[in-house]
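Since every read-out is calculated from the coordinates, none of them should be taken as a lab result. Since we're looking at a predicted model, the values are computed, not measured. Because the Cβ atoms are built from the backbone with ideal geometry, glycine has one as well, and the counts that use them run over all protein chains shown.
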Amino acid sequence: MRQMPNHSPLPDHSLLVKRYKLCSEYPTGLSVKYQFNSRCKPEQQAGSYNVKEKRSFIGIEGKSYACSRIVYYLATSIDPGIYEVDHIDQDSSNNSIQNLRLATRSQNAANVKLKSNNTTGFKGVSWHKTRGLFHCTINLNGKLKHLGTHICPIRLAYEYNIVAKEQHKDFAVINTLYKLGCK
């Protein structure tokens, strides 16, 4: 597994324990223990939520870190290192330790919500204009795999679910299927 380019080595664990504590009431998941500079106040949120990136960040010793990585490290004493910290519920503003787990890049990419521009309502299923059919794809280990075409998007969503559960296991985000009239 290769080193992720955007993950700086984390600050010393003892420094984090000394300055911060876990606080699930804040989107960053962290609060300040004591005033160690002019900008922080005890018992207040540490770090800030970046609306554009939809992630929380914290500045420590002149470097910026994803709060999810700091929370995970602080809570478990395990430096995520080359791994990413995945939000189980897909909500990047929920940095409670119960919502965080280590993941490879591929696993983290599998655990994503339905895209806002999706027109079928199903993950992996889209309309193929030239064929006049729905088609289904899934990303497996960084490669797009074609799962089939059909007139019924629900049938393809079912196929997607089977492959996603098999390949992505606990990281799979599956489609909710309704009993509608597809053959």
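Some notes on this structure:
- Taking the number of Cβ atoms within 10 Å of each Cβ as an exposure proxy, the fewest-first ranking of 126, 48 is 48, 126.
- Computed from backbone phi with θ = phi - 60° and the Karplus coefficients 6.51, -1.76 and 1.60, the 3J(HN,Hα) list for the stretch 88-104 is 4, 8, 6, 9, 5, 8, 9, 9, 5, 4, 5, 9, 10, 8, 6, 8, 6 Hz; x is used for glycine and proline.
- Listed by chain and number, the lysines placed with their C-alpha closer than 22 angstrom to that of residue 123 are 54, 113, 115, 143, 145, 165, 169, 179, 183; residues fewer than eight positions away on the same chain are left out.
- Size-normalised alpha-carbon gyration radius of the stretch 90-183, reference 2.2 N^0.38 Å: 1.16
- Three principal axis lengths of the chain [C-alpha, angstrom, descending]: 64, 31, 26
- For the chain, the 222 nm mean residue ellipticity estimated from helices alone, with every DSSP H stretch of n ≥ 4 adding -39500 (n - 2.57) and the total spread over all residues, rounds to -6000 deg cm²/dmol.
- Working value for the stretch 120-162: equivalent-ellipsoid semi-axes of 16, 12, 8 Å, each the square root of 5 times a Cα gyration tensor eigenvalue, largest first.
- Å³ per residue enclosed by the Cα convex hull of the stretch 1-101: 103
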